[in-house]
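Student: Before I ask anything, here is the structure I am working with.
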Amino acid sequence: MKKVALITGVTGQDGSYLAEFLLDKGYEVHGIKRRASSLNTQRIDHIYQDSHEENPMFFLHYGDLTDSSNLTRIIKEVCPDEIYNLGAQSHVAVSFESPEYTADVDALGTLRLLEAIRFLGMEKTTRFYQASTSELFGEVQETPQKETTPFHPRSPYAVAKMYAYWITVNFRESYGMYACNGILFNHESPRRGETFVTRKITRALANISQGLEKCLYLGNMDALRDWGHAKDYVRMQWMMLQQDAADDFVIATGKQISVREFVSMSAKELGITLRFEGQGIDEVGIVDDISGAFCDALNEGDIIVRIDPRYFRPAEVETLLGDPSKAKDKLGWEPEISVEEMCAEMVSHDLEKAKQHAILKANGFDVNVTLES
Ligand code: NDP
Ligand code: GDR
């Protein structure tokens, strides 16, 4: 019998990869998307199926994690075997600007889903995956971080996700629900939102190489992260729901690099060697050498990276490094894509876009490539 999955956050990075993955496995996939004034389905347009097609396997429902009655109705209609709660206000810096909304969506939204499952009497038949995060570790208490490392969240986002983590554990313990947390470290891809740091970097450097922008402005370049590829991580989300008993797992690569190193890695992909000079807010990234075929707009000595204190956070998470041993031992999961391969894929994707924009611009079309974070 075919399985039915419901994904919140289906229009996001992970939601789109997970939907693809589950469709490939023969699932009937339902996704919840928010009503927006413009289209927000770019990441899933390629798998969209018109409901008039024969045997459609992919369905979209309007909904919002702040709306209990809507969530309850969708779950009742869809009757999912598995629910993946990926929907969230997922930007850490933005959570300092909108803390109450972040708590409503990320913390209470999770409770609303769990309560809907219970209210509908589906707690023994529907499995639940919660998108937990390495941000829970925040001010890290031990390195590397594993499932038993104490939490110390450092942002309204992380505090909201901490509630979501514990309410998921609580429903497992209280009602015997198959509910589990994937404590995922940062994962990226060409589909990563443009204001997260990796994508901001690959996009800006690609644009700079084409003369579409002059400089990349960043915040804390010393921050260290354990970056993996979203494709590897959604595979693990599914694996976590296929076990005999629900459990929580850290998903990470076990390697970390700094934001600065990611900038250098991306520049290298474009054939640019960068030299960093100065300290603190005066640090700059200078073009030291150019070998790339697509960097006509650049000269040696150009400053193409600067610090803008606007991107510093009220409380920063300086370092995160995960220990995925439990996932490896118990589930046989290992990441297949390295940070270098991921960076190359992102740069190549953004360079292609930048080249298209440059051609449009050269032919008199107005192209807006402004970056905000
Ligand atoms: P994205 O920001 O790319 O996607 C978030 C999704 O949530 C989007 O589909 C968005 O819709 C949707 N959403 C936002 N607000 C609401 C709401 N009020 N109601 C319903 N849906 C909403 O995130 P990712 O795909 O990168 O991450 C997926 C999940 O994993 C998130 O919960 C995130 O916090 C968590 N996570 C991510 C990590 C990462 O490194 N990527 C690491 C650890 C955890 P729209 O498209 O309309 O904006
Ligand atoms: P993060 O990802 O906060 O780890 O949350 P992000 O890419 O936003 O930041 C990573 C690190 O880079 C530093 N940084 C900047 N960040 C942004 N966005 N823009 C900048 O200009 C910039 N300059 C430096 C940040 O300060 C930070 O230290 C992501 C999200 O996907 C969460 O939803 C998820 O839970 C965690 O990863 C794990």
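Where a number appears in this text, it was derived from the coordinates with a stated rule and is not lab data. As the structure is a prediction and not an experimental result, all values here were calculated from the model. Positions of Cβ are generated from backbone atoms using ideal geometry, with glycine treated the same way; all protein chains shown enter the neighbour counts.
Student: Report the gain in length on full extension from Gln242 to Arg118: 0.36 nm times residue separation, minus Cα-Cα distance, nm rounded to one decimal. Spell out each step's value before the answer.
Tutor: Details: separation 124, 0.36 × 124 = 44.64 nm, distance 2.05 nm.
Going from the current span to full extension adds 42.6 nm.
Student: Further question: Can you list the equivalent-ellipsoid semi-axes of the chain, largest first and in whole Å, using the square root of 5 times each Cα gyration tensor eigenvalue?
Tutor: Over the Cα atoms of the chain, the semi-axes work out to 37, 24, 18 Å.
Student: Also, I was wondering about something else. Using only the Cα atoms, what convex hull volume per residue in Å³ does region 235-373 have?
Tutor: Numbers: hull volume 23.7 nm³, N = 139.
It is 170 Å³ per residue.
Student: Which log10 I(q)/I(0) values, to two decimals, does region 66-168 give at q = 0.18, 0.19 Å⁻¹ under the Debye formula with one point per Cα?
Tutor: Once normalised to I(0) and log-transformed, intensities are -0.84, -0.91.
Student: Using Cα-only point scatterers and the Debye equation, what is log10 of I(q)/I(0) for region 23-72 at each q in 0.16, 0.18, 0.28, 0.32 Å⁻¹, rounded to two decimals?
Tutor: -0.55, -0.68, -1.16, -1.25
Student: What ³J(HN,Hα) values, in whole Hz, does the Karplus curve 6.51 cos²θ - 1.76 cosθ + 1.60 give for region 249-255 when θ = phi - 60°, with x put for Gly and Pro?
Tutor: With coefficients 6.51, -1.76 and 1.60, one gets 9, 7, 10, 7, 9, x, 10 Hz.
Student: Residue-wise, which Karplus ³J(HN,Hα) couplings in Hz belong to region 28-33, taking 6.51 cos²θ - 1.76 cosθ + 1.60, θ = phi - 60°, and x for glycine or proline?
Tutor: For region 28-33, the Karplus curve yields 8, 10, 10, x, 9, 10 Hz.
Student: Given the pairs Lys124/Lys326; Lys33/Lys124; Lys146/Lys330; Lys231/Lys328, which are separated by over 24 angstrom at their Cα positions? Provide the component values of the computation, followed by the final result.
Tutor: Working: Lys124/Lys326 26 Å; Lys33/Lys124 26 Å; Lys146/Lys330 14 Å; Lys231/Lys328 17 Å.
In this structure, Lys124/Lys326; Lys33/Lys124 lie more than 24 Å apart at Cα.
Student: Over what distance in Å are the Cα centres of region 88-139 and region 248-302 separated?
Tutor: About 34 Å separates the Cα centre of region 88-139 from the one of region 248-302.
Student: If each Cα of region 84-236 is one equal point scatterer, what is log10 of I(q)/I(0) from the Debye formula at q = 0.14 Å⁻¹?
Tutor: -0.77
Student: Hey, could you get me the Stokes-Einstein D for region 256-316, Kirkwood radius over alpha-carbon pairs, 10 °C and 1.306 mPa s, rounded to whole µm² s⁻¹? Please report the intermediate quantities before stating the final value.
Tutor: Working: Rh = 12.5 Å.
Answer, rounded: 127 µm²/s.
Student: Assign unit charges at the C-beta atoms only (+1 for Lys and Arg, -1 for Asp and Glu), then state the dipole size of region 140-265 relative to its Cα centre in Debye, rounded to the nearest 20.
Tutor: On the way: 15 positive and 13 negative charges, 112 e Å.
In total the dipole reaches around 540 debye.
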